[in-house]
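In what follows, a structure is listed as structure tokens, so that the remarks can point back to it.
The values are calculated or read from the model by the stated rules, or taken from the named source; none is laboratory data. Please read all numbers here as calculations on a predicted model, not as lab measurements. Reconstructed Cβ throughout: ideal geometry from the backbone, glycine too, with neighbour counts over all protein chains shown.
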Protein chains: 2
Amino acid sequence: MNFTVTPWDVKGEVDYDRLIKEFGVEKINDEILTRIKKHTKDLHFMLRRKVFFAHRDLNWLLNEYEKGNKFYLYSGRAPSGNVHLGHLMPWLFTKWLQDQFDAELWFQFPDEEKFLFKQELTSEDTEKYLHENMLDVIAIGFDQKKTKFLVDTKHADLMYKEACKIAKKITFSMVKSSFGLNEQTNIGAIFYTSMQTVPAFLPSVIKNKNIPCLIPHAIDQDPHFRITRDILPKLGYYKPASIQCMFLPSLTGSSGKMSSSEESSALHTIDPPEVVAKKIRKYAFSGGQATVEEHRKKGGNPEIDISYQWLRMLFEPDDKKLEKIYYDYKSGKLLTGELKEILIEKINSFLKEHQRKRELAKKQIDKFIYKNNMMK
Amino acid sequence: MNFTVTPWDVKGEVDYDRLIKEFGVEKINDEILTRIKKHTKDLHFMLRRKVFFAHRDLNWLLNEYEKGNKFYLYSGRAPSGNVHLGHLMPWLFTKWLQDQFDAELWFQFPDEEKFLFKQELTSEDTEKYLHENMLDVIAIGFDQKKTKFLVDTKHADLMYKEACKIAKKITFSMVKSSFGLNEQTNIGAIFYTSMQTVPAFLPSVIKNKNIPCLIPHAIDQDPHFRITRDILPKLGYYKPASIQCMFLPSLTGSSGKMSSSEESSALHTIDPPEVVAKKIRKYAFSGGQATVEEHRKKGGNPEIDISYQWLRMLFEPDDKKLEKIYYDYKSGKLLTGELKEILIEKINSFLKEHQRKRELAKKQIDKFIYKNNMMK
């Protein structure tokens, strides 16, 4: 195959229909959307536009919900750098789910993951990014009363024992094939997936009852949760349901997903307006024609235009406005430069508010961190 | 080779001289004993008799000690069953070291280890044995003010992060060869050795200065600490020094080490006097002759007689008394039955006191458990 999708590597032109088959997830179809809409009145634009395109066991989750058996949400962020716009997609959607379903959210910060998988990343850098990343998550606007942060190394007194129960049921050959590890992989990285499984049942352990769980995530994390779903029933817990989104494409339109390691590929939540404007003007891959004359005549191609795609996937929730942009661009009425300015304005107005909330978040971190009252 | 010694498997007739070469430890010789004696006045009988027969870096440790750089001790117990007499050997010696060198002791209870390595062992059983085993360790008489218990799952908020730093430097192929693991081994068992390394430097982390460490242990644990010694200098910590003892032989004299899984092989610290007497009379392998007449004429062989060996290794600290038993048995003056009664009396008088202290220990557990004041 000409693309790779694992939790640690996304490369090539991702064929999402093929991923649906290979990973064994279900496609989000109109039937399930109608069912969700019964509970939410409106559908989030990421659902309407199938940015969240696949799921596992959403019907079961809604059956339970309709019986009065409420679910909680599980999301996460492995600190290793600054948050970029691609990271926001599942979190913004998760906030919508929290609001619509009045759901508790357990948000994991696996602060050992990237440390174990990236040779050059130090424990000190991870600590710094952990703090920075928490600010971004809080700035999303999650309900503090219903949101609990779990930090793997700090909550290991709760999590490690549970992770060992999971680990006992996973052999090296199982993770080797799922994650592309080998005999030269370090033993922390080999163990890691056990820790990523824990939030999918920890609230059930703590509250001593089986609680359904829904995990909204980008599709590359699915290999972890396939293992989670295999094992949890053996320990007497529900399989978590999940809902998967596509990757926000890189600014340059190159294949793979947005990545902080390429300067031209990503915009970060802490970028000032002039950097946003400059990067988009300079790097955003255009679906337009080579000259203004040609563009007016032949029109642009929104399908491959990154500015349009970012509006569609993340920054323009209004379907009518998006549709107008689509047709104006396609007809040649809207030039690439003009389209870029629309996006710049959208992003900068989003980031202005995000950065304001991010400042306020500095005083709120402690409230979000889960306090565990277990005996020491 | 016709014997196996790994942390999880000891089989066959152990050739300790060969182990010294294969593991690369140094033999305990009279020179190092003289040096120790300078600080302790007397030598513990397990040193005089070379029950502790090998070491790593004891000279370095004593250099540091003589410069005023005190060391701490690290010992441990993986809960999986009741404590048997073989377990006591390194602990009793460790207590002597604590008293002689006024040393802090960090005692690890890796309550995930046996859970991960023994398919049938449950988390609940481990919890029960953890409690029981702590009573035995406290009954040894360690100084409460200078002894800290670390329980892997309960102190994981301190230990897991440090274990990940170790794990990052160990590949699967390294543990595979050291411990005889394979692709069907579970990923918790693969990760485990990282946790066993942590107490060898955790006090240095907590106190924020490099503190020498001495690990008294049975020789089968050496593969863990070889890895520990490879890695700690890379993180800026001292290699721990270590001192290794032989295995207390099984009651039946069969090869390998004393094991709780064989009913006839082990005596436990909670055994009542009549069980001790019965088991020794019934099972203790004898170096005597087939009939009293023959024994009087030819004499017995103390080298293979388990009662004699247990007295030598664990229950008769007095060299003169032991020597008399040796020659009386060898000459035929002492019969096997009489030798067994000497051992029974010794063990039962030891256990009477141990069981009394074990009862008192029930109220002391909490004081021994390390209290970590880190921010949550």
Identify, by number, the condition in (1) in a helix (DSSP H, G or I); (2) within 19 Å of the chain's Cα centre (by Cα) that A:LEU150 doesn't meet. (1)
Residue hits (the stretch B:154-174; within 7 Å of chain A (Cβ to nearest Cβ) and in a helix (DSSP H, G or I)) are B:ALA156, B:ASP157, B:TYR160, B:LYS161, B:CYS164, B:LYS165, B:ALA167, B:PHE172, B:SER173
With respect to the numbered conditions (1) of a type outside the set (Gly, Ala, Ser); (2) surrounded by 22 or more Cβ atoms within 10 Å (Cβ to Cβ); (3) touching a residue at least 60 places away in the same chain (Cβ under 8 Å), which one is the sole condition not fulfilled by A:ASP271? (2)
Having 2 or more residues that are modelled with pLDDT of 95 or more, more than 23 Å from the chain's Cα centre (by Cα) and among the hydrophobic types (A, V, I, L, M, F, W, C) is the bar; report the helices (runs of 4 or more DSSP H) wholly within the stretch A:250-340 that clear it. A:273-283
For residues that are basic (Lys, Arg) and farther than 24 Å from B:LYS371 by Cβ, scanning just the stretch B:201-232, find the one that is surrounded by the fewest Cβ atoms within 10 Å (Cβ to Cβ). B:ARG226
Mind listing whichever residues of the stretch B:186-222 are in contact with a helix residue (DSSP H, G or I) (Cβ under 7 Å, 6 or more places away or on another chain), farther than 16 Å from B:ASP57 by Cβ and away from every other protein chain (no Cβ under 14 Å)? B:ALA218
Report whether or not A:LEU335 is in contact (Cβ under 8 Å) with a residue 24 or more places away in the chain, in contact with a His (Cβ under 9 Å, 6 or more places away or on another chain) and not assigned by TED's automatic domain parsing to the domain that holds A:LEU202. yes
Here is a list of conditions, (1) surrounded by fewer than 24 Cβ atoms within 10 Å (Cβ to Cβ); (2) free of Cβ contacts under 8 Å to residues at least 60 places away in the same chain, and A:ALA167 meets all of them except one; can you say which number that is? (1)
Taking B:THR126, is it touching a strand residue (DSSP E or B) at 6+ places or on another chain (Cβ under 7 Å) and either over 26 Å from A:ILE231 (Cα atoms) or among the hydroxyl-bearing types (Ser, Thr, Tyr) (or both)? no
Taking the stretch B:10-28 and keeping only residues that are surrounded by fewer than 14 Cβ atoms within 10 Å (Cβ to Cβ), on the phi < 0 side of the Ramachandran plot and outside any loop (DSSP other than H, G, I, E, B), one is left with B:LYS11, B:ASP17, B:ARG18, B:LYS21, B:GLU22, B:LYS27
Can you pull out every residue in the stretch B:27-39 that is in contact with a helix residue (DSSP H, G or I) (Cβ under 8 Å, 6 or more places away or on another chain), farther than 17 Å from B:VAL5 by Cβ and of a type outside the set (A, V, I, L, M)? B:ARG35, B:HIS39
Filter the stretch B:338-369 for residues that are farther than 20 Å from B:TYR326 by Cβ and touching a Lys or Arg at 6+ places or on another chain (Cβ under 8 Å); which is nearest to the other protein chains (Cβ to nearest Cβ)? B:ILE369
When the stretch A:175-185 is examined, which residues are found to be surrounded by fewer than 24 Cβ atoms within 10 Å (Cβ to Cβ) and either away from every other protein chain (no Cβ under 14 Å) or in contact (Cβ under 8 Å) with a residue 24 or more places away in the chain (or both)? A:SER178, A:PHE179, A:GLY180
Looking at A:GLU294 and the list (1) on the phi < 0 side of the Ramachandran plot; (2) in contact with a Lys or Arg (Cβ under 9 Å, 6 or more places away or on another chain), which single condition is not satisfied? (2)
Between residues in the stretch B:1-27 that are free of Cβ contacts under 8 Å to residues at least 60 places away in the same chain and residues that are assigned to a helix (DSSP H, G or I), which pairs lie under 7 Å by C-beta distance while being six or more apart or on different chains? B:LYS27/B:ILE20
Please state which of the following conditions A:LYS357 fails to meet, knowing it meets all the rest: (1) basic (Lys, Arg); (2) in contact with a helix residue (DSSP H, G or I) (Cβ under 6 Å, 6 or more places away or on another chain); (3) buried (at least 18 other Cβ atoms within 10 Å of the Cβ). (3)
Scanning for something within 30 Å of A:GLY141 (Cα to Cα) and within 14 Å of another protein chain (Cβ to nearest Cβ), does the stretch A:300-317 turn up at least one residue? no
